[in-house]
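The values are calculated or read from the model by the stated rules, or taken from the named source; none is laboratory data. Predicted, not measured: the structure shown is a model, and the values here were computed from it. Every residue, glycine as well, gets a Cβ built from its backbone with ideal geometry; the counts of neighbours run over all protein chains shown. Surface areas here come from the heavy atoms of the whole protein model, side chains and all, with no ligands, DNA or RNA. Shrake-Rupley method; radii C 1.70, N 1.55, O 1.52, S 1.80 Å.
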Amino acid sequence: SDRVEMKKFYHSSVKFRLDVISVLPFEVLYIFFGFNPAFRANRMLKHNTFFEFNDRLEAILDKAYIYRVIRTTGYLLFILHINACLYYWASDYEGLGSTRWVYDGKGNMYLRCYYWAVRTLITIGGLPEPHTLFEIVFQLLNFFLGVFVFSSLIGQMRDVIGAATAGQNYYRSCMDNTVSYMNTYSIPKVVQNRVRTWYEYTWDSQGMLDESELLEQMPTKMQLAIAIDVNFAIVNKVDLFKGCDTQMIYDMLLRLKSIVYLPGDFVCKKGEIGREMYIIKQGEVQVLGGPDGTKVLVTLRAGAVFGEISLLAAGGGNRRTANVVAHGFANLFILDKKTLNEILVHYPDSEKLLMKKAKVLLKEKGKPAPGPPVQQPRGLAGLFGQKKETPKLFKAMLGGTGKQGLARLLQLKREQDIQVMPQKINKEKSKQTKIPKESKDKTDSTETLRASDLLILLKSKPEQEKKPVEPTASSAPPAQKEEPNAGAKPKPPAVMHRGTSNESLIITMSPSPTAGEGEILKVEAKEKKKK
């Protein structure tokens, strides 16, 4: 584009010297020697300009093979023209009408000589026999030249037509091989028809089966330039990548894979592990949901994105929550998690930004659906707030709510009073003697046993729902069996002995630190303070 540099380059080239010689006005010699076309032969030195024009014209044409066919036909007509001129020169050299072989000078001289050149050069035959030695040599050279030139032009025409239909032939070859494979393994006709439909639509829409094959032949910079012009406008609309490094987006454009889906094809199914993000390049997809999975929740069109959360999920992917089906023919870009991680290694700032956006998206996705608005209590009741619901496990332990639960507790109390009467007498007698330390420890463990026995007794109600209880807060050692007193009567095996103690029983409920395990019931026996 720099005129000064172009001028320097042109003046230093051989083409400049040939162009200067070709425009020299040798026609002025007509004044001295008369008209002679040989004085204009220097014009032939500009033949390179003709071929340069052909190359530049082919580079800007969409269907260059049409021009190649026209150019090859022009070559053939021009060679026939040269041969007709040579035949007229030979006839004039021998003498017009001197023999049956030469031109007799009648009629339109150009058409008659051109007709002779066509029949000779294309070796049709049926011409008069040459008589003189000059005529015989001229005719032999015409035959040899005709065979060589005609065969070369026919071969060139075949190459031009073959290059024009090379892509179509490749497509037809792939189609035939696929159909032959499906017939060999007896693939159902429904599947075969879908495969044929995919081939036809892919070829008609983009002119090739795989765009990556074309781009792989180019340098990386050219691939990037094409990818930016074709796909950057679509990827730049994705909210997930807004604010990221532009060079990171450029690298991502080179890794996108284009896939064509037929009408009714599942892009992803509910419950699948998602490891890809989809960008709609062309067409539409429908998100299906509902109880039977056929209700159309939303329709996504060109430029929309779905599945982006799967790229940044910490566990390697999350499960799809709905079915996504192609509504008509759809061309989608796919970016998988592995490819994105390979790119983010070189862009730590963009990786941090994407992680922040991923947390926001995952948090929004995990929020429960908003329920009906809660009515606030009026008057003085609004000062105390709403009463919390009684834990379910505590309800089950008490055996119900209201009067039914209290009646059960009173009944258990009466049973305990009846059972502990024999031990009260023993307690009064033992007050007069000194209790050793070992016996005190034994009593503590016994009281711990009584606290756990109370829990077992409460859980023994038939109507109670069976739930696991984890007494993790009990710090007392395992209960030991009490040795029978020699002066006391033997204990009935079916009766649980109880006695008074200076300890209080504390029952508390707390949520489990492990998610999904419900709540923990704590039962503690605490010694009362002496006044």
Which count do you get for residues in the range 175-194 that are open to solvent by 30 Å² or more (accessible area, probe 1.4 Å), assigned to a helix (DSSP H, G or I) and not acidic (Asp, Glu)? 11
What are the pairs with Cβ atoms under 7 angstrom where one residue, in the range 156-173, is closer than 26 Å to Tyr201 by Cβ and the other, located anywhere, is open to solvent by 50 Å² or more (accessible area, probe 1.4 Å) and modelled with pLDDT of 85 or more? Sequence gap at least six, or different chains. Ala163/Tyr65; Ala164/Tyr65
Would you mention how many residues in the range 105-127 are part of a loop (DSSP other than H, G, I, E, B), open to solvent by less than 100 Å² (accessible area, probe 1.4 Å) and not β-branched (Val, Ile, Thr)? 6
Before we move on, is Arg158 assigned to a helix (DSSP H, G or I), more than 30 Å from Tyr87 (Cβ to Cβ) and modelled with pLDDT of 85 or more? no
Cβ contacts < 7 Å: first residue farther than 15 Å from Leu253 by Cα, restricted to the range 208-219; second residue not in a loop (DSSP other than H, G, I, E, B), any location; separation 6+ or different chain. Result? Met208/Gly167; Met208/Leu214; Leu209/Tyr171; Leu209/Cys174; Leu209/Thr202; Leu209/Trp203
Determine whether Glu135 is open to solvent by 50 Å² or more (accessible area, probe 1.4 Å), acidic (Asp, Glu) and either farther than 24 Å from Ala326 by Cβ or within 23 Å of the chain's Cα centre (by Cα) (or both). no
For the range 58-82, give me the residue count where each residue is assigned to a helix (DSSP H, G or I) and more than 20 Å from Leu141 (Cβ to Cβ). 15
Looking only at the range 281-307, which residues are open to solvent by 40 Å² or more (accessible area, probe 1.4 Å) and of a type in the set (A, V, I, L, M, F, W, C)? Val296, Leu297, Val298, Ala302
Which of the residues spanning the range 74-98 are aliphatic (A, V, I, L, M) and open to solvent by less than 60 Å² (accessible area, probe 1.4 Å)? Leu76, Ile79, Leu80, Ala84, Ala90
Here is a check on your reading of the model: is His346 within 30 Å of Asp204 (Cβ to Cβ) and open to solvent by 70 Å² or more (accessible area, probe 1.4 Å)? no
Helices (runs of 4 or more DSSP H) completely within the range 205-318 that count 1 or more residues being touching a Lys or Arg at 6+ places or on another chain (Cβ under 9 Å) and hydrophobic (A, V, I, L, M, F, W, C): 220-235, 309-312
Please verify whether Ile60 is under 60 Å from the mean Cα position of the chain (by Cα), surrounded by 10 or more Cβ atoms within 10 Å (Cβ to Cβ) and either more than 20 Å from Val149 (Cα to Cα) or assigned by the TED database to the domain that holds Gly155 (or both), treating the condition exactly as stated. no
Would it be correct to say that Met252 is over 26 Å from Arg319 (Cβ atoms), among the aliphatic types (A, V, I, L, M) and open to solvent by less than 60 Å² (accessible area, probe 1.4 Å)? no
Only residues that are in contact with a helix residue (DSSP H, G or I) (Cβ under 6 Å, 6 or more places away or on another chain) and at pLDDT 80 or above: list them for the range 210-223, please. Gln223
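Condition check ((1) touching a residue at least 60 places away in the same chain (Cβ under 8 Å); (2) surrounded by fewer than 14 Cβ atoms within 10 Å (Cβ to Cβ)) across all residues:
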| position | (1), (2) |
| --- | --- |
| Val267 | yes, no |
| Gly271 | no, yes |
| Arg275 | yes, no |
| Ile279 | no, no |
| Ile309 | no, no |
| Asn318 | no, no |
| Thr321 | no, yes |
| Ile334 | yes, no |
| Lys352 | no, yes |
